[in-house]
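The values are calculated or read from the model by the stated rules, or taken from the named source; none is laboratory data. As the structure is a computational prediction, the values presented were derived from the model and not from experiment. Virtual Cβ from ideal backbone geometry, glycine too; neighbours counted across all protein chains shown.
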Amino acid sequence: MAAALRHFAKCGLSGRLVSFAGPLSLRCRNGIDPTALSPCLISNQRNSSSGAKITVDVDSSTGIAVMRLQSPPVNSLSLDFLTEIAISLEKLEMDKSCRGVVLTSALPKIFSAGLDIMEMYGKSPERCGEFWKAVQEMWLKIYGSNMVTIAAINGNSPAGGCLMALACDYRIMAENPRYSIGLNEAKLGIVAPFWFKDTMVNTVGQRTTELALELGILYSAPEALRIGLVDQLVPEEQVLS
C-alpha cells in the first residue's frame, strides 16, 4: 500500500471540493507522507473504538485509521449502518491527529453489497427520506473529507459498495477472480442518482460510465483496473499491507 500511495506524495493530505452540481476535482492540503500508509496500519495502535457494526483502529505513529465494516452477512448499507459509518467518520475528522483513513471489510469475500433494498420496501415516505439522506451524508463524509481516504477492497463491491469505494481518494482491490465491482443498479431495476453517475464519471470518464450504468456492469478486478475504476490490484493478503 505504501508504494501505491506515493501517488499522493506531491499533494500531501488531500480532500475534495463538492458542489450540488456534482463532484469537483481534488485539492491538496496539509502535508502528509503517504509512504507512512504501510504495515504500521496494523501495529502500534493508539486507540481503538467499536460500534455494533464498525471497528476503528488509529495508529499513533502515523495518524492513520483503519475502519472495518462488520455488518453480517454482507455489509448491506441500512439506515443504522449508514448512520454509524457517518458518525465514525465525523469522529475521525474531528481528531486533528488523524490524517487518513482506510475503509475495508471485516467480513470474508465482501466489501459491501450496497444499499439495503429492504430500506426501500414498504417504508413510509418519511423513513425513505431519512434513508436517502443517510446515503448522501455517507457519500459526502467520504468524498468531502479533509483526510486521505483509501478503499481497501477485499471482496465483492456492487452498487452502493462501489459508490463508497469511488468516494475514496484511492482504491486498492484484492486480485481475486471471484470478486467484482460496479454500479449495477440497472440490473435491479433501479436508476442510480445523478451523483452516483458523477462520481463514476470523475473516475473513469463519461462514455465508460454511461455504458456501465445502462448495462449494470460488474467488473472483475482486472477489468476494473483496466478502466481505472480501481488504482491497484494486490494479493488478497496484502490489501492492508
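Quick check: anything in region 172-184 without any contact (Cβ under 8 Å) to a residue 24 or more places away in the chain and farther than 24 Å from GLY100 by Cα? Lay out the reasoning, then the answer.
Our first condition is that a residue be without any contact (Cβ under 8 Å) to a residue 24 or more places away in the chain; within region 172-184, this holds for none.
No, because not a single residue in region 172-184 is without any contact (Cβ under 8 Å) to a residue 24 or more places away in the chain and farther than 24 Å from GLY100 by Cα.
Meeting the requirement of 2 or more residues that are surrounded by fewer than 24 Cβ atoms within 10 Å (Cβ to Cβ), the helices (runs of 4 or more DSSP H) wholly within region 115-228 are 125-143, 194-204, 206-215, 221-227.
Please count how many residues of region 72-89 are within 15 Å of the chain's Cα centre (by Cα) and not β-branched (Val, Ile, Thr). Summing the residues that are within 15 Å of the chain's Cα centre (by Cα) and not β-branched (Val, Ile, Thr) in region 72-89 gives 9. Residue count for region 136-158, restricted to those that are at pLDDT below 95 and farther than 25 Å from VAL58 by Cα: 1.
The one condition from (1) modelled with pLDDT under 95; (2) farther than 28 Å from MET94 by Cα; (3) aliphatic (A, V, I, L, M) that LEU229 does not meet is (1). Among THR83, THR35, which is the only one that is at pLDDT below 50, at negative phi and hydroxyl-bearing (Ser, Thr, Tyr)? It is THR35. Checked against the criterion of being over 16 Å from MET67 (Cβ atoms), without any contact (Cβ under 8 Å) to a residue 24 or more places away in the chain and of a type in the set (Gly, Ala, Ser), region 115-124 has at least one qualifying residue. Of all the listed residues (LYS109, LYS141), the sole one being in contact with a Gly (Cβ under 7 Å, 6 or more places away or on another chain) and either in contact (Cβ under 8 Å) with a residue 24 or more places away in the chain or within 23 Å of ASN202 (Cα to Cα) (or both) is LYS109. Within region 196-217, can one find any residue that is aromatic (Phe, Trp, Tyr), in contact with a Gly (Cβ under 8 Å, 6 or more places away or on another chain) and closer than 26 Å to ALA106 by Cβ? No. Only one entry in LEU103, LEU89 is buried (at least 19 other Cβ atoms within 10 Å of the Cβ) and part of a helix (DSSP H, G or I), namely LEU89.
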